[in-house]
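A.B. asks: Below: one structure in structure tokens.
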Amino acid sequence: DYVVVKMIPDNRLPPRHLHAVLTAKTFAVIKWESPYDSPDQDMLYAVAVKDLVRKTDKIYKVKTRNSTVEYTIKKLEPGGKYHVIVQLGNMSKESSMKINTVPLSAPDALKIITENDHILLFWKSLALKESNFNESRGYEIHMFDSLMNITAYLGNTTENFFKVSNLKIGHNYSFTVQARCLYSGQMCGEPATLLYDELGTGEDSSASRGGSSTDVAAIVVPILFLLLVALAIGFVVLYMRHRRLQNSFTAFANSHYSSRLGSAIFSSGDDLGDEDDEAPMITGFSDDVPMVIA
């Protein structure tokens, strides 16, 4: 024996299993399940998004009969903090969660150029890879003195360089450059960090690990290339001399080849010299002596 029991749906229950599927820079994908399985009618949800930085609220409405609901929250800001609340339209119990969007990337190619009494920080424009970044927002620069264990805010700029003065000899500094923070320093970009090791002698030091390795590569690679070219030319010269000597010997051997003996005949230098000494020297002919031609 069995009996079928159908429970009366309770619309006062909250949505279940609310969580974030994907969090990007300007949008987030959230997912939840209906308060009960297999809804038999469309359900209206209210999605409230509270901006914890700007202190603003937005409410979106989602109407669906699906047991599992996936929704994309758009028009968010990079590096923002949000509180998301999902509940049925009749203001039933709610489910909530917090979302932090992905901040802007760090500036690329940060390097240091050392001058006489100051240094210059250089980096690539963040607008080259971040469509959501406007140069008018600018960058902010921080400095950390490892010897004094102090972090200082140096200022901000809308340019792609920054001048730093009054550095102390013998101190090691770390510089960070990032997209300028907004709203009390809560919406910042990822920082690009660079170590500057100021030598006690006051000489120019290695400004950047990446920059120094690049400079070394710029010197070593041409030298290696020139060495390879020189070796190749040397091999070509040796090969040509070898071929020329081989051809000369072959021609010399062919000129002394005897077909009757089937081999080449060479005379020593001494024999040649003796024959030259024994042979009479022809000094010329006299006009009084008749020449007979047979």
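A.B. asks: How fast does the stretch 16-100 diffuse by Stokes-Einstein, in µm²/s, taking the Kirkwood radius from C-alpha pairs at 10 °C and 1.306 mPa s?
C.D. replies: Answer from the Stokes-Einstein relation: 121 µm²/s.
A.B. asks: Per residue, how many Å² of accessible area does the stretch 16-100 show with a 1.4 Å probe?
C.D. replies: Values: 4840 Å² over 85 residues.
Roughly 57 Å² per residue, with all protein chains present.
A.B. asks: Return the Cα extents of the stretch 49-170 along principal axes one, two and three, sorted largest first, each rounded to a whole Å.
C.D. replies: For the stretch 49-170, the Cα spread along each principal axis is 71, 33, 22 Å.
A.B. asks: Name the lysines eligible as straight-distance cross-link partners of Lys55: C-alpha to C-alpha under 22 Å, and not fewer than 8 places from it in the same chain.
C.D. replies: In chain and number order, the partners are Lys25, Lys74, Lys75, Lys81, Lys98.
The values are calculated or read from the model by the stated rules, or taken from the named source; none is laboratory data. Quantities reported herein were computed from a predicted structural model and do not represent experimental measurements. To get the accessible areas, we keep the full protein, side chains included, count just its heavy atoms, and leave off ligands, DNA and RNA. Shrake-Rupley method; radii C 1.70, N 1.55, O 1.52, S 1.80 Å.
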